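The values are calculated or read from the model by the stated rules, or taken from the named source; none is laboratory data. All of these numbers come straight from a predicted model, not from anything done at the bench. Virtual Cβ from ideal backbone geometry, glycine too; neighbours counted across all protein chains shown.
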Amino acid sequence: MVRAVALALVVTSALIAASQLMAQEARAPAYVLVQSISVTDQAAFERYQALARDTIARHGGRFLSRGANVQFLEGQGDFSRVGLIEFPSMAAANDWFKSPEFQEAMKVRRTAGEQRIFLIEGRSNN
């Protein structure tokens, strides 16, 4: 009987710890880093920026930084502009990227030049 109670306590403690960890991960922000390698059609690039900006806000994202003032502290890069976007979670960032409206914006972007887009998991504040 004592063993059964002890086992139940261990299992319950493990379940509580796992659920707390999952809740912390769900609250962890995610960051999208966009590197513009080249812009070959400025007008198309500006259309893409306007379309993308609207989709970001609708999916809970916000720009932390964007622009052409990039300083390399070490090494060299082959990009001229960088954007850093924060989303509430990896799921929100993935939903944004896969959304039909952003995929339409990407069609415009592909005619405007070359970019790299990275998704980076953040850490929760807990």
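Some values worked out for this structure:
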| read-out | value |
| --- | --- |
| Considering residues of segment 71-82 that are under 16 Å from SER36 (Cβ atoms) and among the hydrophobic types (A, V, I, L, M, F, W, C) only, the residue surrounded by the fewest Cβ atoms within 10 Å (Cβ to Cβ) | PHE72 |
| Matching option when the condition is of a type outside the set (Phe, Trp, Tyr), crowded, with 18+ Cβ neighbours inside 10 Å, in contact (Cβ under 8 Å) with a residue 12 or more places away in the chain and more than 14 Å from PRO29 (Cα to Cα), among ALA105, ALA93, ALA68, ALA44 | ALA105 |
| Selected residue (only one of TYR48, TYR31 is modelled with pLDDT of 80 or more and over 27 Å from ARG123 (Cα atoms)) | TYR48 |
| Of all residues making up segment 69-126, the number that are at pLDDT below 90 and within 25 Å of ALA44 (Cβ to Cβ) | 7 |
| Contacts under 7 angstrom Cβ, first residue in segment 109-122 being over 20 Å from GLY67 (Cβ atoms) and touching a residue at least 12 places away in the same chain (Cβ under 8 Å), partner assigned to a strand (DSSP E or B) and hydroxyl-bearing (Ser, Thr, Tyr), 6 or more apart | GLY122/TYR31 |
| Positions within segment 47-63 being surrounded by 13 or more Cβ atoms within 10 Å (Cβ to Cβ) and farther than 16 Å from MET106 by Cβ, in sequence order | GLY60, PHE63 |
